[in-house]
Amino acid sequence: MFSMRRVRRFFGVFLLLCVFPATAMAEPIINKTYSYFRIGGRTAEDLDKELENRGPLTRSTGHRHPGATEIKFGGDVTYVEKGGRCSVGGARVTLRTHIILPRWGNRGRATADLGFIWDTLSKDIKRHEERHAEIARNHARQLERELLGLPPNRTCDALERQVAETTRRVLEAHDREQLRFDQIEAANFDSRMMRLLQYRLKRSGN
C-alpha cells in the first residue's frame, strides 16, 4: 500500500530583544524585512528617553526596547506510507524575521560628539537584532535537517508525534539561546559601548 498525506504546522510568533516533497539538502525558506520607528531629541538624555518611550514593546519582557526582532517559524511535513511503514517524504521549514530599528530625526543637526555617540549606539542596536535573526536562521536549518532525518516508523501517527516532539525540542532550544544572548548582551552593554566608542574614536584619528 502506498499513500501520502500532508500535515501543516505553524509554530507561532515570538517578539524578542530583546511540504512540498523536498530533498535532504533543501534549505528553509527564509524572509527578512525591516521597519523603523522615529525618535526625536537633541541631547543624550533626550535620546535615552525617546528610546525608552517609543521603542517597540516586546511580549516576552513587557517593556520597550531600542530595537526588536519579530520571529515566526512555520512549515509543513509530508508523510509517505509504503510497505507497512511511514516515513517523512519531505519537510519544509519557513522563517520570517522582521527587524525593528530606531531612526533619529535630528541626526543631521546633531553636534559632532552626539552624532558620534548615536552612530555607535545605532550600529550596535542593529548588530544585536541581526544576531537574533541569525540565531533563528540557524535553528530553522537545524529543524529542517532533523525532520528530514527522522527514521521511518510503524505508523504515520507515531511519526507525526516524533515530528511534533522534534519541533518542540528545537524551538525550545532556540528560545533558550535567544534569552542567553540577551542576558550576555545586557550584562556587557556598558563595557561594550565604551570599547566601541574608543575604537571608533581611534579610527577617526581624534
Förster-model FRET efficiency, 30 Å R0, Ile29 and Arg127, C-beta, rounded to 0.05: 0.75
Carbon/sulfur fraction of accessible area - the stretch 124-179, other protein chains in place, 1.4 Å, %: 50 percent
Linear extension gain, Gln198 paired with Thr155, 0.36 nm per residue minus alpha-carbon span: 9.3 nm
Accessible area in square angstrom per residue, the stretch 23-180, 1.4 angstrom probe: 52 Å²
Debye equation applied to the C-alpha atoms of the stretch 27-171, log10 I(q)/I(0) at 0.13 Å⁻¹: -0.68
Karplus-derived HN-Hα couplings along the stretch 175-187 (A = 6.51, B = -1.76, C = 1.60, θ = phi - 60°), whole Hz, x at Gly and Pro: 4, 5, 5, 4, 5, 4, 4, 4, 5, 5, 5, 5, 5
For the stretch 40-127: relative contact order, % (alpha-carbon pairs under 8 angstrom, 6 or more apart): 26 percent
Pair-distance profile P(r), taking every C-alpha pair of the stretch 133-196, with 5 angstrom steps and integer %: 3, 15, 19, 16, 13, 10, 8, 6, 4, 3, 2, 1
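The values are calculated or read from the model by the stated rules, or taken from the named source; none is laboratory data. Fair warning: this is a prediction, and the values are worked out from it, not measured in the lab. Cβ: placed from backbone, ideal geometry, glycine included. Neighbour counts: every protein chain shown. Surface areas here come from the heavy atoms of the whole protein model, side chains and all, with no ligands, DNA or RNA. Shrake-Rupley method; radii C 1.70, N 1.55, O 1.52, S 1.80 Å.
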